[in-house]
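The values are calculated or read from the model by the stated rules, or taken from the named source; none is laboratory data. For clarity, every value in this text was computed on a predicted model and none was experimentally measured. Using ideal geometry, Cβ is built from the backbone for each residue, glycine included, and neighbour counts are taken over all protein chains shown.
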Protein chains: 2
Amino acid sequence: MIITIGRQFGSGGGEAGKLVAERLGYKFYDNEILTMAAEASGLSPAAVSRFDEQPGNSLIYSMYMSTIPTGDMLPINQQLAFAQFNAIRVAARQDNCVFIGRCADYVLRQRRDVVDLFIHADMEFRKQRVIAAPEVYHITAENVERAIRKQDKKRADYYNFFTHGSWGSADNYHLALDSSYLGIEGVADAIVYFVQLREKQLKEEK
Amino acid sequence: MIITIGRQFGSGGGEAGKLVAERLGYKFYDNEILTMAAEASGLSPAAVSRFDEQPGNSLIYSMYMSTIPTGDMLPINQQLAFAQFNAIRVAARQDNCVFIGRCADYVLRQRRDVVDLFIHADMEFRKQRVIAAPEVYHITAENVERAIRKQDKKRADYYNFFTHGSWGSADNYHLALDSSYLGIEGVADAIVYFVQLREKQLKEEK
């Protein structure tokens, strides 16, 4: 089984995914997929980190990217995205995995043993989480709400650009959960239950 | 506990809600809330059925409604909506309940023991359900997809008009589920698990 998790910024979707991976014994890929993509593509680690989950349709990005010699027809952010998509495909063939973000649901859309999730939370919950972990988020209390909305916008743009889907719309996912309602451990609980229900159904089909 | 279920047309959200109500011993309100609202408001049953879940912001409706003497400042669809909202509040004070549609999540938004759900399904699943039950849906196979989209649009307009929320957006609900993925019984299973998880958390808080 494969679990993909889209998530609002600061919702703890990545953390919930990690708990799920630990409980089910699945491999966990968040930033890890970046390193794999960088190695496979020959892009420098700096470029890879700079362009992670960057939307492809912004004029400023296009202008910026056009100043970088890529040695290729595709702008760097797209090269990186496709390298990530390949890394996701390769990893998904080898093990049960949890993927955080990076359009993994779209990349693996042909497989029936994939559960696509979306984790969201109310703004207050997200603000508190982001402010409490400056070493992770690098965001100060003053502009936290604006920063959160900006990151959500980026994720939506990135996702919708590559998938033509609708990031954050309930019908884009098999299961969507509010982590500010159940808590991150509660969300992990509910995900494990849901995945096991699906697993059972697939076994009975055979 | 109170469970509210928003649902795409033909997704089986009402059916899933009924299963959940049976399993948890909750009261179930779908069209029932209409009858209660009609009785309390003095509106005729015919008007009540005609204006159920009708959006309030359409020019054609406004024109139509302006031709009807209401004996009140509010157009009939809004009178009915507010009568329904009252009926929902009254019912929710008396028992554990499941409410289908009709902005119940918004009406009961101040209560902490409410679980707000959204059920959706892919178009193929919904088409098959709708065509298989002409006695329920009164829709023929030829124009089924258009009819489904039209009903969804109506529900979204109705909901967004009264709540200023965002019908079908994942972050508008505590839990959103795809009934074409797990099946309607699977969805009911997952809901029961989720509700019991929340119930346990609320007990531990006390």
Of all residues in region A:162-179, how many are in a helix (DSSP H, G or I) and at the interface with chain B (Cβ under 7 Å from one of its Cβ atoms)? 2
Might you let me know whether region A:180-199 holds any residue that is surrounded by fewer than 21 Cβ atoms within 10 Å (Cβ to Cβ), modelled with pLDDT under 95 and not in a helix (DSSP H, G or I)? no
Given the residues A:Ala156, A:Ala104, which is the only one that is within 23 Å of A:Leu80 (Cβ to Cβ), touching a Ser or Thr at 6+ places or on another chain (Cβ under 6 Å), surrounded by 14 or more Cβ atoms within 10 Å (Cβ to Cβ) and not hydroxyl-bearing (Ser, Thr, Tyr)? A:Ala104
Using the structure shown, decide if A:Arg126 is away from chain B (no Cβ under 14 Å) and in a helix (DSSP H, G or I). no
In region A:90-105, what residues are in a helix (DSSP H, G or I) and out of contact with any helix residue (DSSP H, G or I) (no Cβ under 6 Å at 6 or more places or on another chain)? A:Val90, A:Ala91, A:Ala92, A:Arg93, A:Gln94, A:Asp105
Across region B:146-172, what is the number of residues that are out of contact with any Asp or Glu (no Cβ under 9 Å at 6 or more places or on another chain) and farther than 20 Å from B:Glu53 by Cβ? 0
Unmet requirement for A:Arg146, which otherwise passes all of (1) without any contact (Cβ under 8 Å) to a residue 40 or more places away in the chain; (2) basic (Lys, Arg); (3) under 22 Å from A:Arg23 (Cα atoms): (3)
Output the number of the condition that B:Ala132 fails; it satisfies all remaining conditions of (1) surrounded by fewer than 18 Cβ atoms within 10 Å (Cβ to Cβ); (2) over 30 Å from A:Arg198 (Cα atoms); (3) away from every other protein chain (no Cβ under 14 Å). (2)
Quick test of your reading of the structure: B:Glu142 fulfils all but one of (1) part of a helix (DSSP H, G or I); (2) more than 10 Å from every other protein chain (Cβ to nearest Cβ); (3) of a type outside the set (A, V, I, L, M, F, W, C). Name the failing condition by number. (1)
In this structure, does B:Phe51 turn out to be among the aromatic types (Phe, Trp, Tyr) and either modelled with pLDDT of 95 or more or loosely packed, with under 15 Cβ neighbours inside 10 Å (or both)? no
Give A:Phe125, A:Phe99, A:Phe118 a once-over and let me know the one that is over 16 Å from the mean Cα position of the chain (by Cα), within 26 Å of A:Lys150 (Cα to Cα) and among the aromatic types (Phe, Trp, Tyr). A:Phe125
